[in-house]
Amino acid sequence: MKEVDSHFTEFVNSLVAKSALLDSSSPASLFPASCAEKELHKAKTSRAPPEHGKIFTARRSLLDFSLSELFEVSHIRTIYHMFIALLIVFILSTLLVDFIDEGRLVLGFDLLVFVFGKFPVVFCTWLCMFSATVVIPYNLFVWWAQGYSSSSHCAIHSFFYGMLFTLFQIAGLGFGPTYVAVAYALPPASRFIVILEQVRLVMKAHSFIRENVPRVLSSVKDKSGTLHIPKISQYLYFLFAPTLIYRDNYPRNPTIRWGYVATKFAQVLGSLFYAYYIFVRLCIPQFRNSSQETFNLRGLVLCIFNSILPGVLILFLVFFAFLHCWLNAFAEMLRFADRMFYKDWWNSTSYANYYRTWNVVVHDWLYYYAYRDFLWFFGKKFRAAAMLSVFTVSAAVHEYVLSICFGFFYPVLFCLFSCFGVVFNFTLNDRRKGPFWNVIMWTSLFLGQGVIICLYSQEWYARQYCPTEN
């Protein structure tokens, strides 16, 4: 225990010193772990002001940064091994139960085959979405920029191209993929792929236009004579890059570690099978027959608390598989050096901090293009209204994704997000510090996951087995 304590103390001291550099605008590893406090303070204060936009800098993801040192302590690595062992137990229990029930080993993955069905339709839909996003927004911007300086009616010229871009966002990227998902009756996971890509491309196209239009207006106002129009290769790189904020250039790593890429994709695949066995062993047996039972408050409360474990495991898997593994794999292949896709959200003592650190990629887009643009348009007196509008938009988009993917409108997440989320954001704010508030945050997060898993699962099975006329 003394050896473990000494290792852990040394690790924490090193991590505290290094973590001060994660938010700085200077490239990672500028300062060693033992740098002086004056240098650390200089690194913190070198951050650009918000009006300059997001500053990208070379830095590692927090889990890569931490686990590489944590795993040097064999006792800590055991926690990782425990999760792998739990996956093996899920697999063995499923095989044994199927062997007892069927008298043979059932090695099929019927649930995975179902939820990821009709993949050719998904691929063709994505290809059409992506091709349209490459061609239409870029060319609309180029035609607008080239004709803006020589146009005698600049406002009408801008309004015309702005309406064309809005029409593409609403009809092309908005209505088209949604119609395909519904008309072709895509299964849930296939719908998730289509709808999440739809939302991602809408946000990417908006960022490209939003970042480049002010530069053209500025050059025309200054009469510099040179229009800054990004190359199509820069726009194409942005569409694949793991960020929603457009820049002409990003910090790049010198090489690609293909072994790292393979490891991350393998962990995504492992997380997918982990989620499969969680649903097979913990969710489906519980909810399959619940829709045929008479509703009562006792059953609902038990269901919510029984859903906390699978809900929290799914939350961890979504975070680890997508925000860490998937984004880092694409960042490595593109040599994208800024890996700050999330921060230490697990240490949050307030929901305000949790919203900022859980998904930094989406938060940056909401902060610069929703919150700050709202304040720019209406004035800085309306900060509370700007925050509420961001919450409402985020909650509506989350509910839209779930409604299309599940095939029914059941606004549980919207109510949790826009009601309880807003209340917790203002009550559990950044002034709340200490372990007690971290416990409160985790308790409410556990309960929220239990409510989401329970109610959406009950509704899914109820719509399959319960008579709709009643």
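The values are calculated or read from the model by the stated rules, or taken from the named source; none is laboratory data. Because the structure is a prediction, the values reported are computed rather than measured. A quick note on method: Cβ atoms are made from the backbone with ideal geometry, for glycine too, and the neighbour counts reach across all protein chains shown. Keep in mind that these areas ignore ligands, DNA and RNA; they rest on the heavy atoms of the full protein, side chains included. Shrake-Rupley method; radii C 1.70, N 1.55, O 1.52, S 1.80 Å.
A few remarks follow.
- Note on segment 411-455: residues that are in a loop (DSSP other than H, G, I, E, B) and surrounded by fewer than 18 Cβ atoms within 10 Å (Cβ to Cβ) total 6.
- Screening residue 226 on (1) open to solvent by 40 Å² or more (accessible area, probe 1.4 Å); (2) in contact (Cβ under 8 Å) with a residue 40 or more places away in the chain; (3) touching a Ser or Thr at 6+ places or on another chain (Cβ under 9 Å) shows it passes everything except condition (2).
- Just one of (1) under 30 Å from residue 342 (Cβ atoms); (2) polar (S, T, N, Q); (3) open to solvent by 40 Å² or more (accessible area, probe 1.4 Å) fails for residue 131. It is (1).
- Residue that is farthest from residue 272 (Cα to Cα) [pool: residues in segment 175-187 that are open to solvent by less than 20 Å² (accessible area, probe 1.4 Å) and out of contact with any Phe, Trp or Tyr (no Cβ under 6 Å at 6 or more places or on another chain)]: 177
Condition check ((1) within 14 Å of residue 133 (Cβ to Cβ); (2) outside any loop (DSSP other than H, G, I, E, B); (3) in contact with a strand residue (DSSP E or B) (Cβ under 8 Å, 6 or more places away or on another chain)) across all residues:
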{"site": "189", "(1), (2), (3)": "no, yes, no"}
{"site": "200", "(1), (2), (3)": "yes, yes, no"}
{"site": "209", "(1), (2), (3)": "yes, yes, no"}
{"site": "218", "(1), (2), (3)": "no, yes, no"}
{"site": "249", "(1), (2), (3)": "no, no, no"}
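- Meeting the requirement of 2 or more residues that are at pLDDT below 90 and open to solvent by 10 Å² or more (accessible area, probe 1.4 Å), the helices (runs of 4 or more DSSP H) wholly within segment 289-352 are 297-306, 308-318.
- Residues of segment 119-163 classified as touching a helix residue (DSSP H, G or I) at 6+ places or on another chain (Cβ under 8 Å), under 29 Å from residue 186 (Cβ atoms) and either outside any helix (DSSP H, G or I) or at pLDDT 90 or above (or both), total: 13
- Flag if residue 181 is closer than 26 Å to residue 110 by Cα and at pLDDT below 90: no
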